[in-house]
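Structure record follows, encoded as structure tokens.
The values are calculated or read from the model by the stated rules, or taken from the named source; none is laboratory data. Since the model is a prediction, treat every value here as computed from it, not as a measurement. Neighbour counts run over all protein chains shown; Cβ positions are idealised from the backbone, glycine included.
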Amino acid sequence: MLARAIEAAGISTIFVTMVPDWAERRGVPRTLAVEFPFGHPFGEAGANDQQLGVIRHALQVLQDAIQPGKIEHHEEVWEGDEREWRKRWQPVEPSPIIAFMRDRAQQQAQERRQTDSQA
């Protein structure tokens, strides 16, 4: 992961993400979790105050985090009904990588169920 290489060079990093579980599994040094739609980790387009708020929070976590693996949650949430903005973001047809990952996860789940039923 790029963050590890940058950290190895002595430069601190922070990961701003909508999927903090992924960051935790990958061992990202510092993470700011946001409750925003995918593709908008810093906020709505043109919402300068919102974007600066996320950047300031990320820099604060970067400054204050003492140990690796720090995950902090940004308090601000995206305006409106979450189901609606998630539906608007989600394309009707998944991208090839998302379709591949979905199919792989479904296959792994099916294999686990078969293994569990045989035990």
Residue that is assigned to a helix (DSSP H, G or I), at pLDDT below 90 and surrounded by 13 or more Cβ atoms within 10 Å (Cβ to Cβ), where the choices are 5, 99, 58, 23: 23
Inside the stretch 61-96, the number of residues satisfying the requirement of being part of a helix (DSSP H, G or I), at pLDDT 80 or above and surrounded by 11 or more Cβ atoms within 10 Å (Cβ to Cβ) is 2
